[in-house]
Every structure is written in structure tokens, then in C-alpha cells.
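Visitor: To start, I am sharing the structure in question, which I have written as C-alpha cells.
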Amino acid sequence: MTNNPKTGSGLSRRNALGIMGASAAALLAPNLLGKPAFAQTPPDAPSGRIIVGVSQEPTVFNPLMPKIEVDDNVHFSVFDALFRITEEGVIVPNLATEVPTQENGGISEDGLQWRIRLRDDVRWHDGELFTAEDVKFTLELIVNPDFRAWRTTGHNLVRDIEVVSPTEITWRMEEPFAPYMSFLTETFIVPAHILGADDNPNEAAFNRAPIGTGAFRWGQRTAGDNLTLVANPDYFGEGPYIEELIFRYIPDMTVLFTQFQSGAIDLVGRAYITQDNYEAARNLPDRVVDLVPATSIESIYLNLERPQFKERAVREALYLALDRDSIVDVLYYGLPNQTETFMPRQSYYYHDGLPTHEFNLEKARQILDEAGWAPGSDGIRAKDGVRLSFNNSTTTGAHLREQAQQFVQQTFRDIGVEMNIENLPAAVMWGDFWGMSQFDSAMVGVTYLIAADPDVTNRFHSVAITAQGGRGSNTGQYSNPEVDALLEEGARTFDREQRREIYLRVQEIIRDDLPYLPLFAYTQVMGRKAGIEGFVPNTNTRSETWHAAGWYWA
């Protein structure tokens, strides 16, 4: 990529690396996270409890293993990372004492040498002192080929880790990797003295009752019903201000809202209040309901290794047969925003010039005719022995998705495509069925970015196809050599304008390839009881409890 002469993008490597770190005002603010900025005063000691209703059950408690978004509610509460990202998109220290930059000596001029200084007042929930050995162990465990890691991208470039002292660690990057600071905001540190002593970290008892450094300790779990975390009185940061943080598992979205109406739950967690209940929710007494633009994109995900989806003509025809306007306006009450890309609209890297979706059944039929997909005696098209028939799956109890499936099923039928609905409980849907690409197609909401960084290697690079021996979340098994090369270039590039050019091009290619069929960008309906203070939505994380340590009852 060359610099754009119109933008004059000529940031030096030094300046670009500085931007990568954080805003200058936050660099030396280890207590910035959670310092209350509200009119009410939090209690001196933890008191009360807050019950969060979630539609999917948290089941993965080792934060380094393959997981889904609801699991992060637990991880953000039980564990800490070296850094975290605020709602304003600023990276701030967490277990570290500062965000490393070239200016403070934490990152070398070429971006390869890293030095992290750590807090000396952090203890694990079992009382052991947190040290640099835990950071070293975590980074090495992630890339251990025998460990089932959720994400290795970026971590696989770390070399020569050295523990300088209990509060200082250094390493070398094999090559510059611009997104790494953002990745570290979602890399929760695990205890070396516990997991390191286990012969098989994949099956360790720790994975069922984890020990972290976070504001809440593991309490108890009733599988299929609820999970209780309890306040960590020795937490080094602000809070916690509540005694118990309880996650109640309510798989039916209608029942989830009913529980919020009745007061049985205090806050509606992921997947939040459904759009059809927004009007009722906003009129409830003693409730606070917010509309929050989200980074999650709802789509029909296609498994591109299925013979039905290998031809672009088929994917284009399916996209033309989606009546997105009706889905958004009728089923979702006009609250979501239509989109053509995985990039959030609020991102600096968002491409606003992509081709606009068209609902055109006649054009869809014509494309399939020209591609040789001929209707059979039952009206379903086939080519070379492959019927244009496939399953579509989502989680049972997600009634708006189920209604959307039925709507899509009919319009697909109108062009000679058979889509069978095969929904599954969340624990099954988000297990190997999703992670190992065992589905045909799926109706899902996916957050593509890590923190606010535009890198999507984990979702779209061919090395991230777990079902083909890779490490990552490319469950659609998308593979495009040009996209691979662009993602590799984007990861090595620190200049903001050059990166923008790269990711604009990535969006153009993916929009043309249609490895998934975007439906809309979510606007989340978040609801809580009026007495809860300290709650702040953060679209840069995958968790509404990203800082539950700051919650309290007024």
C-alpha cells in the first residue's frame, strides 16, 4: 500500500506506535478503570447483589480456551488483563502500571521490543502474589500446541520472554504486529502456580472453578440455572461494591424479558431485550432502558466448504433473496441499522461506499439459471448432483431469529432453494457444531473486532480455520489469498491512514465474495433497575459486565 497523496499520510513509525498505545492522558492512570463518576456515593464495603439475566449459559471458565461472548461476562469479572479498553476506546493499565509506548520506553522504535511494568499489590484469589511469572506462563500457554487456545494470532509472534523481576517482563516480537495492544486487552492472565502444576491444562479442575485476580471470586454454579460470583475484598482496583454478582440463565428471550418486568432479574444481559419489547420496556416504572449502537453484526453465516455455497453465484442469489427491509422494520421494529460490512459504523475504518443490498427475487432466479442450477420436479434447484438444500441453525428460544428464519425460508423457496430450520440449545450450538464448522448455515450475531482494532485475521484469514487445523474463529471456512495477504500487511502496518486503505479494501473483497450474508448491525436494548449505579455500556468489549466492579445500589 502506498500513501494517499490526498491525505498526506506520512506519520512516522514512532508516531504511529504512539497512537497504538493509548491517549496520553491515560498512560499513567492505573486506577482509571472504575473510578466512580456518578452523583451517588458507593458503599464503603460491598453490599447487596445484582442478578444479571442472560439468554445463553456461561460454560467456559478458562478465559484462554474457545468460548462465546456470554462467557466473557465471567472472565471480565474473575480475571484481569494487562490492559483494558474504556468505553471511549482508550487503552488503560489493568495489571500493568502503564501502557507502553516509545515515549515511555515500553516499546522500541521498530515496534519489536516490549517492556511491561506490573503492579506489585495484586494477589490471586487464593492469596498468592501475582508476578511477571504469571504473564510469562499465560503467553506461553496460549501458543502451546497441546493446549486448546481460543486465539493465538499475535501471541504466536512473541519470542524471548524474559522475567526481569517480579514486576517487569520483556519480550521480542518476531515481526511488528499493530493490533497486539488491543489483543492484550482481551488476554486474561491465569495463575502459573495452579495451571502450571497441572499435567493437562485442557482438563484442569481450574477450568471448572477458576481462580483469578479480578474483583469477583468464584462462588458456586448450578448448571443450567445460575452462577454466583462473590466480592473479592482484596481487589487492588476500585470496588467491588456489591457482595454477589449472579448470572441467571434464561434461554427463552420472551421469558427473559418477563423476568425483567417482574423484577426477578436486575439487569438484562446478553442478548439483552429483544427489539419487539422495546416500547414495553421503556415504559416500565423504575427501569432505565438505553439504546446502544453495537459492534455485533447479525447475518446468515455460510459454511463455504459445503458444496451448495462454493459458487459465488449461489451466494449472490441468496443475498438478493433476503428481504432485509422487512426483517429490520417488521421483526426488529426498525431499531437496527442496515450494513454491508463487518466493520462497525462507528469505526474509523468503516467503509461507507460498498454496494447497497437489493431485494430482487427475479434477478436471483436469473443468476441461478445462468449458473446452471435447474429446478427439479419438487421445485428445488440442483446442479451436478447437488441439491440447493441446506440447514440453517440458531439457538432455540431466540424468537426473533426464529421468525426471521421462517421469513427467509419462504423467500428462498421462491427462488428454488430449500432452507431447513434446525435449531439447537446454546450449549450445543456454540460447541463443536459452531467452532468446528459442523453447521451448514447459521443465523448469528458476530462481533468481528478485538477491542477497537480493525484487524479481522481471527475471522477471515485461512490460518484461523479451526476445522482445518488452524487456530481462530473462521468458522465459515472462508479462504481468499488476497484477503490473507492484506490482513498480514494490515497487521504489520502502524500508519493509521495506510491501515485504513488496507481494511477498506478487505471490506470491498468480502462484500463481493459474500462469505456471509449481512442482515443488520445491532442496536442493543439494554435495561436495568433504576437503582443500579456505575453501569456504563462499552461497545469496545464483548461484555456488559466489563466493569461490574463499579456497580452498586444507590
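The values are calculated or read from the model by the stated rules, or taken from the named source; none is laboratory data. Since this is a predicted model, take the numbers as computed values, not measurements. Note that each Cβ is placed from the backbone with ideal geometry, even for glycine, and that neighbours are counted across all protein chains shown.
Visitor: Output the residues belonging to segment 117-134 that are closer than 25 Å to Gly534 by Cα and in a strand (DSSP E or B).
Guide: If the condition is that a residue be closer than 25 Å to Gly534 by Cα and in a strand (DSSP E or B), then Arg123 is the only one that fits.
Visitor: Shifting gears a bit: Out of segment 126-152, which residues are farther than 24 Å from Ile68 by Cβ and touching a Phe, Trp or Tyr at 6+ places or on another chain (Cβ under 7 Å)? Reasoning before the result, please.
Guide: Looking only at segment 126-152, we keep the residues that are farther than 24 Å from Ile68 by Cβ, and these are 126-137, 140.
The answer is Phe130, and nothing else.
Visitor: Going through segment 86-105 one residue at a time, which ones are touching a helix residue (DSSP H, G or I) at 6+ places or on another chain (Cβ under 7 Å) and not hydroxyl-bearing (Ser, Thr, Tyr)?
Guide: In the first step, residues of segment 86-105 are kept if they are touching a helix residue (DSSP H, G or I) at 6+ places or on another chain (Cβ under 7 Å); the result is 90-92, 99-103.
Within segment 86-105, Val90, Ile91, Val92, Val99, Pro100, Gln102, Glu103 qualify.
Visitor: Same structure again: So, in segment 139-174, of the ones that are out of contact with any Lys or Arg (no Cβ under 6 Å at 6 or more places or on another chain) and of a type in the set (D, E, K, R), which residue ends up surrounded by the fewest Cβ atoms within 10 Å (Cβ to Cβ)?
Guide: Asp146
Visitor: What about Arg123, is it among the basic types (Lys, Arg), modelled with pLDDT of 95 or more and surrounded by 19 or more Cβ atoms within 10 Å (Cβ to Cβ)?
Guide: On the way: among the basic types (Lys, Arg): yes; modelled with pLDDT of 95 or more: yes; surrounded by 19 or more Cβ atoms within 10 Å (Cβ to Cβ): no.
Against the criterion (among the basic types (Lys, Arg), modelled with pLDDT of 95 or more and surrounded by 19 or more Cβ atoms within 10 Å (Cβ to Cβ)), Arg123 does not qualify.
Visitor: Among strands (runs of 3 or more DSSP E) lying entirely in segment 376-433, which contain 2 or more residues that are in contact (Cβ under 8 Å) with a residue 24 or more places away in the chain and buried (at least 17 other Cβ atoms within 10 Å of the Cβ)?
Guide: Values: elements: 381-383, 389-393, 418-421.
By residue number, 389-393, 418-421.
Visitor: For segment 147-155, indicate whether the set of residues that are free of Cβ contacts under 8 Å to residues at least 12 places away in the same chain, assigned to a loop (DSSP other than H, G, I, E, B) and outside the structural domain of Thr493 (by TED's automatic domain parsing) is non-empty. Give the steps one after another, and end with the answer.
Guide: Here is the first cut: in segment 147-155, the ones free of Cβ contacts under 8 Å to residues at least 12 places away in the same chain are none.
No, because not a single residue in segment 147-155 is free of Cβ contacts under 8 Å to residues at least 12 places away in the same chain, assigned to a loop (DSSP other than H, G, I, E, B) and outside the structural domain of Thr493 (by TED's automatic domain parsing).
Visitor: If I filter segment 537-549 for residues that are part of a helix (DSSP H, G or I), in contact with a helix residue (DSSP H, G or I) (Cβ under 6 Å, 6 or more places away or on another chain) and surrounded by fewer than 18 Cβ atoms within 10 Å (Cβ to Cβ), do I get at least one hit?
Guide: Step one: of segment 537-549, the residues part of a helix (DSSP H, G or I) are 548-549.
Those left that are additionally in contact with a helix residue (DSSP H, G or I) (Cβ under 6 Å, 6 or more places away or on another chain): 548.
Filter again for surrounded by fewer than 18 Cβ atoms within 10 Å (Cβ to Cβ), leaving none.
No: segment 537-549 contains no residue that is part of a helix (DSSP H, G or I), in contact with a helix residue (DSSP H, G or I) (Cβ under 6 Å, 6 or more places away or on another chain) and surrounded by fewer than 18 Cβ atoms within 10 Å (Cβ to Cβ).
Visitor: Restricting attention to segment 434-460, which residues are among the hydroxyl-bearing types (Ser, Thr, Tyr), under 30 Å from Gly372 (Cβ atoms) and part of a loop (DSSP other than H, G, I, E, B)?
Guide: The first filter runs over segment 434-460 and keeps only residues among the hydroxyl-bearing types (Ser, Thr, Tyr), leaving 437, 441, 447-448, 457.
Among the residues that remain, those that are also under 30 Å from Gly372 (Cβ atoms) are: 437, 441.
Selection gives Ser437 alone.
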